[in-house]
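The values are calculated or read from the model by the stated rules, or taken from the named source; none is laboratory data. Given the structure is predicted, the values throughout are model-derived calculations rather than measurements. Counting neighbours? That spans all protein chains shown, and the Cβs are built from the backbone with ideal geometry, glycine included.
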Amino acid sequence: MAAAVPRCGGFVSLGLADLHRRGMISPHFTGGPPRESRTIILPTRTTKVLRCTLLGVGAMRSPRYRPAGLLVEYRSCRVMLDGGPGSVPSGHLDAWLVTDSRAELISKIRRLAASFGCEVGVQSITCGELRIVPLPVVHTSHPTFGYLLRAPGGTVAWAPEFLRFPRWAAGADLLFAEGASWDRPIWFVRKVGGHAPVTEVAREAKARRVRRLVFSHLGRPTLRALDAGLVPPFGEIGIERAQFALGLSGRVRCSLPEG
């Protein structure tokens, strides 16, 4: 059963059939978001440049970085993806989405989102021409997701945790991806899931014609590899507070934080 979020203003809720009909997801995709997911249609205003700012690039319990999180800005809309303590935007938010509704940080994320007047969930959002759609990833024993952002200039994918490269990220202009391990998978107990290594993600992304790859969920094995001077065969290591702008031409521009 779908529901609206009244506190984020003027929202309309859509079900899976509506998503198919509006072309927001493939008609062959039946997995869908979990029941508690909602599609929110936001008001449309201002600039058409899609901006994505990395607020954190760390894996769970990272000794060096804040939790992986992305702030998405388009027109007047501001949407947070994942994040957690220390990986929090300033200013207003229209929604706070997560890729795993049972993540270890979920209770802390809920409290942070509540301070912005938002609920946390796996949701689809339409803001003018921007569509943010959750799509499934292979990661653990319960349903987990990534997000595909479709804007007039192209597509951006947010998939910070997965064991198998998500096919729906193929051809993305910009992919923020798993980077917990370096050259071998991290397996969960009884192999119910895990994390794909950087080397494999790089190979898959290049083969699937991802234009720009940014590793945005850095774990200890990857940190050790980077400290030893290794570099990914394709793609780049995410930098906290780096901003990526996708214009109407489809070109991605990156601005690094000062200092």
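Quick one: how many residues across the stretch 77-120 are under 13 Å from His217 (Cβ atoms) and among the acidic types (Asp, Glu)?
Residues meeting the conditions: 2.
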Self-check item: Hits in the stretch 55-81 (condition: over 14 Å from the mean Cα position of the chain (by Cα), modelled with pLDDT of 95 or more and charged (D, E, K, R))
Solution: Arg64, Arg66
Quiz item: Between residues in the stretch 81-103 that are in a loop (DSSP other than H, G, I, E, B) and residues that are modelled with pLDDT of 95 or more and among the acidic types (Asp, Glu), which pairs lie under 6 Å by C-beta distance while being six or more apart or on different chains?
Solution: Val98/Asp82; Thr99/Asp82
Quiz item: Out of (1) more than 24 Å from Gln243 (Cβ to Cβ); (2) out of contact with any His (no Cβ under 8 Å at 6 or more places or on another chain), what's the single condition that is false for Pro185?
Solution: (2)
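Every residue, every condition in (1) at pLDDT below 95; (2) assigned to a loop (DSSP other than H, G, I, E, B); (3) surrounded by fewer than 24 Cβ atoms within 10 Å (Cβ to Cβ), yes or no:
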site: Leu112; (1), (2), (3): no, no, yes
site: Cys118; (1), (2), (3): no, yes, yes
site: Ile125; (1), (2), (3): yes, no, no
site: Leu135; (1), (2), (3): no, no, yes
site: Ser141; (1), (2), (3): yes, yes, yes
site: Gly146; (1), (2), (3): no, no, no
site: Leu149; (1), (2), (3): no, no, no
site: Thr155; (1), (2), (3): no, no, yes
site: Trp158; (1), (2), (3): no, no, no
Practice problem: Collect the residues in the stretch 203-218 that are within 17 Å of the chain's Cα centre (by Cα) and not in a strand (DSSP E or B), keeping them in residue-number order. | Solution: Ala205, Val210, Arg211, Arg212
Practice problem: Can you run down the residue pairs with Cβ atoms below 7 Å, 6 or more apart or on separate chains, where the first is in the stretch 150-165 and within 15 Å of Gly128 (Cβ to Cβ) and the partner is surrounded by fewer than 20 Cβ atoms within 10 Å (Cβ to Cβ) and of a type outside the set (D, E, K, R)? | Solution: Pro152/Leu248; Gly153/Gly247; Gly153/Leu248; Gly153/Ser249; Gly153/Gly250
Self-check item: Residue pairs meeting the criteria (Cβ under 6 Å; at least 6 apart or on separate chains; first under 24 Å from Gly154 (Cα atoms) and surrounded by fewer than 21 Cβ atoms within 10 Å (Cβ to Cβ), in the stretch 194-214; second at pLDDT 95 or above and of a type in the set (Asp, Glu))
Solution: Arg211/Asp173
Quiz prompt | The listed residue being over 26 Å from Thr222 (Cβ atoms), among the aromatic types (Phe, Trp, Tyr) and out of contact with any Phe, Trp or Tyr (no Cβ under 9 Å at 6 or more places or on another chain), out of Tyr74, Tyr65 | solution = Tyr74
Practice problem: With respect to Ala172, determine if the residue is assigned to a loop (DSSP other than H, G, I, E, B) and closer than 25 Å to Gly194 by Cβ. | Solution: yes
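Can you tell me how many residues in the stretch 188-199 are out of contact with any Leu (no Cβ under 8 Å at 6 or more places or on another chain) and either part of a strand (DSSP E or B) or closer than 23 Å to Leu70 by Cα (or both)? Full working, then the answer.
Of all residues in the stretch 188-199, those out of contact with any Leu (no Cβ under 8 Å at 6 or more places or on another chain) come to 188-192, 197-199.
Remaining after also requiring either part of a strand (DSSP E or B) or closer than 23 Å to Leu70 by Cα (or both): 197-199.
The total comes to 3.
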